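The values are calculated or read from the model by the stated rules, or taken from the named source; none is laboratory data. No experiment lies behind these values; they were computed from the predicted model shown. No Cβ is skipped: glycine too gets one built from the backbone with ideal geometry, and neighbour counts run over all protein chains shown.
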Amino acid sequence: MALTEGQLTSLAGFAEARADRLRSQPVGLGDMRRHLGSGEAVLLGDFPGAPVRFLDRWWRAADGCWEPLSEETRAVLNDDATRWALSVQAVQAVESAVRP
């Protein structure tokens, strides 16, 4: 039995509401470790206090959990992530050029 258009719309609304709740609630340390291990979450860089990108949001480590950062920080951290990736590429290029 196929779903009606109204049922599909309701289901999509439910999924979006669930995703919004997930993006706005803290994530446990163990859960974030699993997301990092699976590649669902990505650290901004390899330095203490580095924020994590997960569910299209940035998160910071807090006492016993990861907290979502405000949407206002999104553009700033996205720019930081781009600069960090470019700097890593530059270092790798220099290191590969120096190797005998």
query: Among the residues of the range 1-23 satisfying the criterion of being modelled with pLDDT of 65 or more and loosely packed, with under 11 Cβ neighbours inside 10 Å, which is nearest to W59 (Cα to Cα)?
result: A12
field: Residues within the range 65-98 that are under 24 Å from G37 (Cα atoms), of a type in the set (D, E, K, R) and over 16 Å from the mean Cα position of the chain (by Cα), tallied
entry: 1
query: Out of (1) at pLDDT 90 or above; (2) loosely packed, with under 14 Cβ neighbours inside 10 Å, the odd one out for D46 is which?
result: (1)
- prompt: If you take the residues of the range 73-100 that are closer than 24 Å to D56 by Cβ and among the β-branched types (V, I, T), which of them is surrounded by the most Cβ atoms within 10 Å (Cβ to Cβ)?
  reply: T73
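Report, by residue number, each residue of the range 53-64 that is of a type in the set (A, V, I, L, M, F, W, C) and within 13 Å of H35 (Cα to Cα).
Within the range 53-64, F54, L55, W59 meet the criteria.
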- request: Only residues that are within 12 Å of the chain's Cα centre (by Cα) and touching a residue at least 12 places away in the same chain (Cβ under 8 Å): list them for the range 46-64, please.
  value: P51, V52, R53, F54, L55, D56, R57, W58, W59
